[in-house]
Amino acid sequence: WKKSNGEFQKVLIEGIKSGFVALENGLFFAAPIQTLGLPPFPFADVNDYAAQTCIKTGYFKGQEHFVVKVASGGYPLENSGLMEIFSQKTGRLEALLMDNGVLTELRTAAVGAVAAKLLGPKKIETIGILGTGVQARYQLEMLSAVTDCKSVLVWGRTPSKVSALLNEMKWKGWHINSVESPDNLLAECDLIVTTTCSREAILGKTTLDTRKGLLITCIGADAPGKYELNPALVAKADMLVADTTSQSLERGEFQKAVADNFVKSETIISLGKLIKEEHLHRQHGDDRFIIFDSSGVALQDCVISSLVVQQLRRPAED
């Protein structure tokens, strides 16, 4: 990619925004998501098993291709994956992107940046990261396209992984430190991004008090049964936004809060609707506590794979 990393980030973020508007307007179509792993079965007999393989498929009406994406990851597996690009006209495979899961990481991070841009406080002084995995790193780097904030607090279960993340991101120019308790993030951060594969509440266990104007972007709960927030914390939010409202009821951060009657499903706003209706965006002096949940939509794979295919078609000298 000949453009600078910052330029690519901006193009991707705007492409993801446009994709969610197309979804809201009925111009994107996706097959049901397939998730293999736990549940229904583990690939390996180990403690703390958290691996899964996710298959997402979809297409934009009137565009050139449809996409099949396969992504695997979670302990004890390393992240991997690929994207298959098929012609909508002929049904033939036209490109195979052996990205090893990197494109999935990038497009997932991009939707976090969209949320931060539209829903984050106008002045972000401290970013909180829950988790120490690959996506924690990608989220931070993508956020640099929408905020100048370089102050970060991180919480993770494993001290060695926390140290590794701190050392890596300090080397990249971030002012990053760790906290002893996840709930320290609620009081000290303006934006929190959750990136763990937890199946129990981590954030909001000891307190429901938050900094005014907080945005929590939930990324880790991408499969049925996963959640990272105390449902009571979800219920306290002034606005709930999901990448897709229907999908948020069967996977994602809001599934448990709805099932346990902490919130009503009809109160959840879709990201496409939010993008279209600017009065819903964060305004100056807006102290609302907002939670955004993304469990991932195939349109994100279509957007990023289209950018890659366009680049691959360009002459080498461009």
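The values are calculated or read from the model by the stated rules, or taken from the named source; none is laboratory data. Keep in mind it's a predicted model, so treat the numbers as computed, not measured. A quick note on method: Cβ atoms are made from the backbone with ideal geometry, for glycine too, and the neighbour counts reach across all protein chains shown. Please note that ligands, DNA and RNA were not included when accessible areas were found on the heavy atoms of the full protein model with its side chains. Shrake-Rupley method; radii C 1.70, N 1.55, O 1.52, S 1.80 Å.
Annotations for the structure displayed:
- Condition check for residue 296: surrounded by 13 or more Cβ atoms within 10 Å (Cβ to Cβ), within 19 Å of residue 117 (Cα to Cα) and either more than 22 Å from the chain's Cα centre (by Cα) or at pLDDT below 95 (or both): yes
- Count - residues of the range 205-216 that are of a type in the set (Lys, Arg) and either open to solvent by less than 10 Å² (accessible area, probe 1.4 Å) or under 11 Å from residue 229 (Cα atoms) (or both): 1
- Within the range 205-227, residues that are over 15 Å from residue 136 (Cβ atoms) sit with their Cβ atoms under 7 Å from residues that are polar (S, T, N, Q) and assigned to a strand (DSSP E or B), at 6+ positions apart or across chains, in these pairs: 223/35; 223/52.
- Test: residue in the range 174-189 that is at positive phi, touching a strand residue (DSSP E or B) at 6+ places or on another chain (Cβ under 8 Å) and of a type outside the set (Ser, Thr, Tyr): no
- Looking only at the range 276-307, residues that are farther than 29 Å from residue 87 by Cα and of a type in the set (A, V, I, L, M) come to 3 in all.
- Residue count for the range 231-244 satisfying the condition of being within 15 Å of the chain's Cα centre (by Cα) and surrounded by fewer than 21 Cβ atoms within 10 Å (Cβ to Cβ): 0.
- Residues of the range 246-261 that turn out to be touching a Leu at 6+ places or on another chain (Cβ under 9 Å), open to solvent by 10 Å² or more (accessible area, probe 1.4 Å) and either acidic (Asp, Glu) or within 24 Å of residue 280 (Cβ to Cβ) (or both), as a count: 2
- The listed residue being more than 25 Å from residue 202 (Cβ to Cβ), under 17 Å from the mean Cα position of the chain (by Cα), open to solvent by 20 Å² or more (accessible area, probe 1.4 Å) and not basic (Lys, Arg), out of 269, 275: 275
- Among (1) crowded, with 16+ Cβ neighbours inside 10 Å; (2) among the acidic types (Asp, Glu); (3) within 18 Å of residue 118 (Cβ to Cβ) - the single one residue 228 does not satisfy: (3)
- Residue 1, sole failed condition from (1) open to solvent by 70 Å² or more (accessible area, probe 1.4 Å); (2) in a loop (DSSP other than H, G, I, E, B); (3) at pLDDT 90 or above; (4) under 19 Å from residue 312 (Cβ atoms): (3)
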